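Right, one structure below, let's go through it.
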Amino acid sequence: MYTLTVNGQEVTCEEDKKLMHFLRDDLGLTGTKDGCSEGSCGACTVLINGRASKSCLFNLSKVEGKEVTTVEGITQRQKDVFAYAFAKAGAVQCGYCIPGMLISAVGMLAKKPDPTETDIRKGIRGNICRCTGYVKIIDGIKIAAQMLRDDTPIPDEKEDGHLGQSMMRVDAKEKTLGTGKYVDDMTLPGMLYASAVRSAYPRAKFLSIDKSKALAHPDCVAVFTAEDVPGNNKIGHLEFISDWDVMIPVGGITRYVGDAMCLVVSKSKETLDEIKDLVEIEYEELAPVLSSEAAMAKDAPLIHEKGNVLAHEHVIRGNADEKLAQSKYVVTEHYSVPINEHAFMEPECAIALPEGEDGILLYSGGQGIYDEQREVSRMLGLEKPKVHVHSMLVGGGFGGKEDMSVQHHAALAAWLLKQPVKVLFSRQESLMVHPKRHGMEMDFTTGCDENGKLTAMKAVIYADSGAYASLGGPVLQRACTHAAGPYNYQDVDIDGYALYTNNPPCGAFRGFGVCQTAFAIESNLNILAKKVGISPWDIRYLNAVEPGDTLSNGQLVSNNCALKETLESVKPDFEAADVAGITCFFKNSGIGVGLDDYGRCIISVEDGKIHVRSSAACIGQGFATVATQLAVEALDVDPELILVEDPDTTRTPDTGTTTASRQSTITGEAIKLAAQQLRVQLDMGRSLADLDGQEYYGEFNPRTDPINSDKENPVSHVGYGYASEVVTLDEKGKLGKFVAAYDIGQVINPPAAAGQIEGGIVMGMGYALTEHFDMDQGYVKAKYATLGLLDATKVPEIETRFVQSRAIHEGIAYGVKGVGELATILPAPAIGGAYYALDGQLRDTLPMSDTPYAKKRR
């Protein structure tokens, strides 16, 4: 028997289990989050005798007789202050790390009530945040510290809510205090637990399975195999490429170590691993295909029947060979970038249970409930309406939660057993299974004239797309369509291949293929500038597009483009620095390239509230607040009248996946269209009481043109955001400061937008300098602790500016452009430019070698 005090109450437990599991499972204190279970992320931080400690590292025997305080147990005054301070500062995005951050801050402030910024950074260095870049969290702790010192009352502030106004996120309080529910925070009566046995080899023939020992375990409820799938055993995020096995059938060949061989269901989550170890599987190990080069070999084994080429894109405009031959200066370089891990804070989790006589209810934390409905219904052989999907809070995604991971297995087990089933990934399973950022091998040739005017470029891109299609094709498209950069030249030849290998699948990741090609083209520009004898700023400004120009894909640049203005904004910072790198780039908003891109919204009046109903997933970007402010702008009402509903397939219309920086723009226009219909009624003098029960529907599907359209000026995407960044180096060769100037059109909420940029910059900095996803011969060796994620002490100063064109409100959704992806694209090329300026050496691989960060890692 172990006895301790939790939040002022004496509690006991007979089993010497992990403190984190005792708090969450036995006491229901789910504000303590399980992010990694290995002491690396800090999401489970609690106070033990007043000291901030990671509860996953302590068994109850180690804390017997001690006092434990969770986020639920801090004083009401502390709750009120931090809820206000974090909301005011814009410190909350996905929210999964925030209760742990708060506890670390409480522990630090108990010792240092008037902390310096250095004190705060050190105080939270054990807590990882993947969304915010820490800037706004630090600001929030500063606000809270001063309010607690001065005993300041919580201000009674009235929110305006119109576009361009700062507004506290509508979900900030519940995320800060840990009362909001992510899927793993839910427990249902009679719930079972399921987990898949994964392949022992990257590539092997599945010869046989013996389930008898597992089924004999007293907690084992079932062991399901591919034979038990009632519908289609193939799933896939893209409806026209369903190539991912729900489970590998006996006689089939595995494609990576994340393949599910069978699904074990237990009465207890504690015994799942025991039961999985009892399943006996016989394999015939086969030689894996581990690189794009190997996949292209003539004698390469076929990973899929159709071959190893998932996608091929050849973007041609003008005559690049002819123009390069005529160019004064030509640079050709090879660039190599690795597979990269999202490292979102919340491991994947789903719960499914029977609903009605012949339906299923799925609680999900993914990026698109209608994608999940489609894939699960196909797997189960059900009509789509029979699969009811509801999104809980999502603890980060960045593209890594677009594909099925746990949802289909939870639904399958619940359907077969007619009981609630939870499937939760361990952090290690998450690292092994879900798709990554593509590793790419790239050859880039870029030419210019004697003055630095760009003439033409050629590129050949090989993307390692891993075992399954995922979003590999669209990622390759975006890598190719953006490869020439936001510059005014018309002769390009970009040949891209996405190849199947036996590595983990690669798909959507913030930047969506553009992080890779931007690094290459921007590095080439720095070399060209040196050859010409002009500065890196000069060559970019000379070639940067402005309204009326033509992008290299042929699209006319819209009137609300302010790329040159972003360069002008950062010019003084670049020129004043002793050593600095500069880059500018662009990123599309919306899916584009001729595909349907529906935004849909229902505005309904219910009991005096205006409900905004859209299925857009919030993965940290704050869509509920975005939707609120767009509705306020259209309706000119108090934001307290607006209620944004959670995505739910029975209540909210299909508005597509949260991807491609599209929701604020595409669904934002649908919200505007629906709200304007209500506005007409309100302007006629009708009250909300008069309109109770009325619904107004908005739909928007912009027309775009496919890649290599024969139009003179095709529309590849409905809009682009533009940005420029400068990063300086200090005397030790470390990053000194980022200055970021962004043209994202109409800024919806300045602190929230700045937080997106800061988070994107820190993520891009990690990609450039420190992040490694360790693999060996197709086996995942990475652990959360070894990914090279940056903590608050490693992040330099970041200054964010918003630059707007005179035509800011032109375009859809009041001129709003996406920012989430753009923010991750610029840091790596800017950092590469800074080190090139320092020593004249090109860093052509990521993470970069010969930097203080690389040395420290070794």
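Any read-out appearing in this document is the output of simple, stated calculations on the displayed coordinates, not a laboratory observation. For clarity, every value in this text was computed on a predicted model and none was experimentally measured. We place every Cβ from the backbone using ideal geometry, glycine too, and count neighbours over all the protein chains shown.
Within the straight-line cut-off of under 24 Å between alpha carbons, the lysines reachable from K306 are K205, K234, K298, K436, sequence neighbours fewer than 8 places apart in one chain being disregarded.
Between the listed residues M168, M147, A204, the Cα displaced farthest toward the positive end of the dipole of the range 135-220, a dipole computed from Cβ unit charges relative to the Cα centre, is found at A204.
Residues E305, E402, E810 in ascending order of nearby Cβ atoms (within 10 Å, fewest first): E305, E810, E402. Computed from point charges on the beta carbon alone (+1 for Lys and Arg, -1 for Asp and Glu), the dipole magnitude for the range 374-495 about its Cα centre is near 1000 Debye.
For the chain, the Cβ-based charge dipole about the Cα centre amounts to some 1540 debye (Lys, Arg positive; Asp, Glu negative; other atoms uncharged).
Computed from the Cβ-Cβ distance with R0 of 51 Å, the FRET efficiency linking Q146 to D449 stands at 0.35. Amide H contacts of G35: A43, C44, each under 5 Å away and 5 or more positions distant or on a separate chain (H built 1.01 Å from N in the peptide plane; Pro and chain starts excluded). Between D648 and D776, what FRET efficiency comes out of the Förster formula 1/(1 + (r/R0)^6) with R0 = 45 Å and r the beta carbon distance, rounded to 0.05? So, using R0 = 45 Å, E works out to roughly 0.60. Taking amide H positions as modeled 1.01 Å from N, with prolines and chain starts lacking one, the residues under 5 Å from K587 and 5 or more places away or on another chain are G721. Scanning residues 5 or more positions from A456 or on other chains, those with amide H under 5 Å from its amide H are G447, with H placed 1.01 Å from N in the peptide plane. Listing L563, L735 from fewest to most neighbouring C-beta atoms within 10 Å gives L735, L563. With an 8 Å Cα cut-off and a minimum separation of 6 or more residues, compute the relative contact order for the range 1-113 in percent. About 30 percent, as a whole number. Residue ranges 655-661, 786-792 sort as 655-661, 786-792 when ordered by packing (mean number of other C-beta atoms within 10 Å per residue, highest first). With neighbour counts taken as other beta-carbon atoms within 10 Å, the residues D16, D243, D119 rank, fewest first, as D16, D119, D243.
Considering only C-alpha atoms, what is the centroid distance from the range 142-191 to the range 683-722, in Å? Rounded to whole Å, the Cα centres lie 31 Å apart.
Using the Karplus relation 6.51 cos²θ - 1.76 cosθ + 1.60 with θ = phi - 60°, the per-residue 3J(HN,Hα) values for the range 106-115 come to 4, x, 5, 5, 5, 9, 9, x, 10, x Hz, with x marking Gly and Pro. Since only I610, P639, T665 are under comparison, the one whose Cα sits farthest along the positive direction of the charge dipole of the range 599-700, derived from C-beta charges on Lys, Arg, Asp and Glu, is T665. Ranking G548, G399, I351 by how far each Cα lies toward the positive end of the dipole of the chain (charges on Cβ) leaves G399 at the top.
The 3J(HN,Hα) values that the Karplus relation (6.51, -1.76, 1.60; θ = phi - 60°) gives for the range 783-798 are, in residue order, 10, 4, 5, 9, 6, x, 5, 8, 9, 5, 6, 9, 8, x, 5, 10 Hz. Gly and Pro appear as x. About its Cα centre, the range 599-700 has a charge dipole of approximately 320 debye under the convention of +1 per Lys or Arg Cβ and -1 per Asp or Glu Cβ, with nothing else charged.
Label-to-label distance, D683 versus R125, with points set 7 angstrom from Cα along the beta-carbon direction: 5.8 nm.
3J(HN,Hα) couplings calculated from phi for the range 39-52 with the Karplus curve 6.51 cos²θ - 1.76 cosθ + 1.60 (θ = phi - 60°) are, in sequence order, x, 9, 9, x, 5, 9, 5, 9, 9, 10, 6, x, 9, 5 Hz; Gly and Pro show x.
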